[in-house]
Amino acid sequence: MEYIQGFEAHLRSKDRSENTVSCYTRDVLQFIAWYRGKTEYGLDKWIELDGVEYKKYLQSTNQAILTINRKIASINVFAQWMHQQGYIKEEIHIEAVRNKVVRQYKGLAEKDLWKLRNEIHRMGNRMHICMIELLLGTGIRVSELVGIQLKDIEISERKGLLKVFGKGNAFRTIPLNKDVRKAITRYLEVRPQVDSEHLFIGQRGALERNAINLILSKYGDRVNVKVTP
């Protein structure tokens, strides 16, 4: 396997012991087997959400946290090498396990939600990624999503806030988690420079509610999941 052979050679070039090389390789092979069992995409389409999902899978096996974190560390080293070699476009880093609290979303079954979210991230459209992360990470309505303006967003390195004009003509402030902050920041890097304060800009200007429905339905069809915002 080309990736594994290259990775092993990289580890040995760093004077890693044979035991360390063997351990890293075993952990990475386990991840690759899991990845190939869940998706038809090659490793060149590997995204960070795959790593998050794999961490969740490891937690479900009741392995010790120390063992899980060792495997995550191995995969992070492999991901760093894959990115440096140009095999994957984006840097991938999986956070170590701190606790076993898993967020639960209402609506879609969890496995369907993961399929949808993974597909959107894998296709790489930063506006679409920003949409799904805002919907999942804040719980706002679609009407509120399309109404977001640039001035409503405050983001710093460690925190973020979103001011939403919603039901009852009232404003409320919502904290933004790391995933949402990252998605917004990355989308703003490619957002069209137009004379509009709305966050989401399509080919014909600010997006409307029906456009969000169509975008999510398109991804839902790709993974055979019936989805609405």
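Read-outs: derived from the displayed coordinates by stated rules, not from any lab. Given the structure is predicted, the values throughout are model-derived calculations rather than measurements. Note: ideal-geometry Cβ built from the backbone for every residue, glycine included; neighbour counts use all protein chains shown.
Counting helices only, and only those DSSP H runs with n ≥ 4, report the 222 nm mean residue ellipticity of the chain as the sum of -39,500 (n - 2.57) divided by its residues, in deg cm²/dmol to the nearest 500.
Rounded to the nearest 500, it is -17500 deg cm²/dmol.
What share of all Cα pairs of the chain, in percent, falls into each consecutive 5 Å distance bin?
1, 6, 12, 16, 17, 15, 12, 9, 6, 4, 2, 1, 0
Going down the list K38/K89; K89/K182; K14/K56; K55/K111; K45/K159, which pairs span over 19 Å between their C-alpha atoms?
K38/K89; K14/K56; K45/K159
Quick check for me: using +1 on Lys/Arg Cβ and -1 on Asp/Glu Cβ, what's the dipole size of the chain about its Cα centre, in debye to the nearest 20?
Rounded to the nearest 20 debye, it is 680 debye.
Just to be sure I understand the model, the point goes 7 Å from the Cα along the line to the Cβ. What's the resulting Q85 to E18 distance in nm?
Each label point lies 7 Å from its Cα, and together they span 2.3 nm.
Jot down the radius of gyration and Dmax of the stretch 33-138, Cα atoms only, both in angstrom.
Rg then Dmax for the stretch 33-138, in Å: 14.2, 40.
Treating the angle as unsigned and between 0 and 90°, give the value, to the nearest 10°, between the Cα long axis of helix 126-138 and the longest Cα principal axis of the chain.
Approximately 80 degrees, to the nearest 10.
Just in the stretch 164-228: which trypsin sites (Lys or Arg not before Pro) are loop by DSSP and have at most 10 other Cβ atoms within 10 Å?
Counting only loop positions with at most 10 other Cβ atoms within 10 Å, the trypsin sites (Lys or Arg not before Pro) in the stretch 164-228 are R204, K226.
Treating the beta-carbon of each Lys and Arg as +1 and of each Asp and Glu as -1, no other charges, what is the dipole magnitude of the stretch 110-223 about its Cα centre, to the nearest 20 debye?
For this selection, approximately 220 debye.
Along its three principal axes, how long is the stretch 138-209 when you only count alpha carbons? Whole Å, largest extent first please.
Answer, in whole Å and largest first: 32, 30, 17 Å.
Could you pull out which residues in the stretch 213-229 have an amide N less than 11 Å from a spot 7 Å beyond the Cα of K45, following the Cα-Cβ vector?
223
Can you tell me the length gained on complete extension of the stretch N210 to A9, counting 0.36 nm per residue apart and subtracting the Cα distance?
Length gained between N210 and A9: 67.2 nm.
Where does each of 81-89, 111-119 land if you order them by average Cβ count within 10 Å, highest first?
Those peptides, ordered most packed to least, come out 111-119, 81-89.
In whole percent, what relative contact order does the stretch 1-85 give with Cα contacts below 8 Å and a gap of six or more residues?
37 percent.
Size of the stretch 1-85 along its principal axes in angstrom, Cα-based, largest extent first?
For the stretch 1-85, the Cα extents along the three principal axes come out at 34, 29, 18 Å.
Taking the 0 to 90 degree range and rounding to the nearest ten, how far is the long axis of helix 48-60 tilted relative to the main principal axis of the chain, both from C-alpha atoms?
Helix 48-60 and the main axis of the chain meet at about 70 degrees.
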